[in-house]
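The values are calculated or read from the model by the stated rules, or taken from the named source; none is laboratory data. Here the structure is a predicted model, which is why all the values come from computation and not from measurement. Please note: Cβ atoms are built from the backbone with ideal geometry, for glycine as well, and neighbour counts cover all protein chains shown.
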Amino acid sequence: MMAPALQYAFSGALDPVFRHWFTRHESSLRDAWADNQQRFSATYTISDADWREFWSLAQDEHSVTLTNDADAVDVENGVLLTEDVTEHRETIEIYIKALLARQLFGTNAAIPLYNQIQPVFQEALRLWEQAETLAGYYQSPNNNLGQSGY
């Protein structure tokens, strides 16, 4: 089961918070990263100050509540456990970085970042070698599988 903070983020519920934060920083971000997509993808990290500002915006202007009461968590209403957000900071940061890459460089720049956190994609990568082996076997002229006329 996916952590509630990740469910909330991956549902797109943090996207309006991101757009608000991005609007505040767009000019400086574009100046810093213009024509530097590769460097951005390799080196950009969300500073502690930006992380705090992001969650302050979420709470102050976007109806997100961070709580220390695990029983109060309500993903549908934006009530998240502070500990859960902190525990999954790295993954949420990658999600935010993907949103930022999309704004700065277009959708294709975001895909590799989304893929880092996409569980289905991660599982596919884990199984890729086995899939290639099976594909090679079924394409081999030495087997009778896949030929018509049973």
*Identify the single condition in (1) at pLDDT below 95; (2) of a type in the set (S, T, Y); (3) over 19 Å from S11 (Cα atoms) that T67 does not satisfy, given that it satisfies every other one.*
(1)
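A quick yes/no check of all residues on (1) among the β-branched types (V, I, T); (2) free of Cβ contacts under 8 Å to residues at least 12 places away in the same chain:
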residue	(1), (2)
R39	no, yes
Y44	no, no
A49	no, yes
R52	no, yes
L66	no, no
V73	yes, no
E83	no, no
R89	no, no
L99	no, no
*Among the residues of segment 44-68, which ones are in a helix (DSSP H, G or I) and within 25 Å of P112 (Cα to Cα)?*
D48, D50, W51, F54, W55
*Residue check: is H20 at pLDDT 95 or above and closer than 21 Å to N77 by Cβ?*
yes
*Quick one: P4 ticks every box in (1) touching a strand residue (DSSP E or B) at 6+ places or on another chain (Cβ under 9 Å); (2) at pLDDT 95 or above bar one, so which box is it?*
(2)
*When only residues in segment 56-92 that are among the small types (G, A, S) and surrounded by 17 or more Cβ atoms within 10 Å (Cβ to Cβ) count, which is farthest from I46 (Cα to Cα)?*
G78
*Among the candidates S28, S41, which residue alone is surrounded by fewer than 16 Cβ atoms within 10 Å (Cβ to Cβ), of a type outside the set (D, E) and in a helix (DSSP H, G or I)?*
S28
*Taking interchain pairs and intrachain pairs at least six residues apart, which have beta carbon atoms under 7 angstrom, with the first residue in segment 105-132 and modelled with pLDDT of 90 or more and the second among the charged types (D, E, K, R)?*
A109/R102; A110/R102; L113/K97
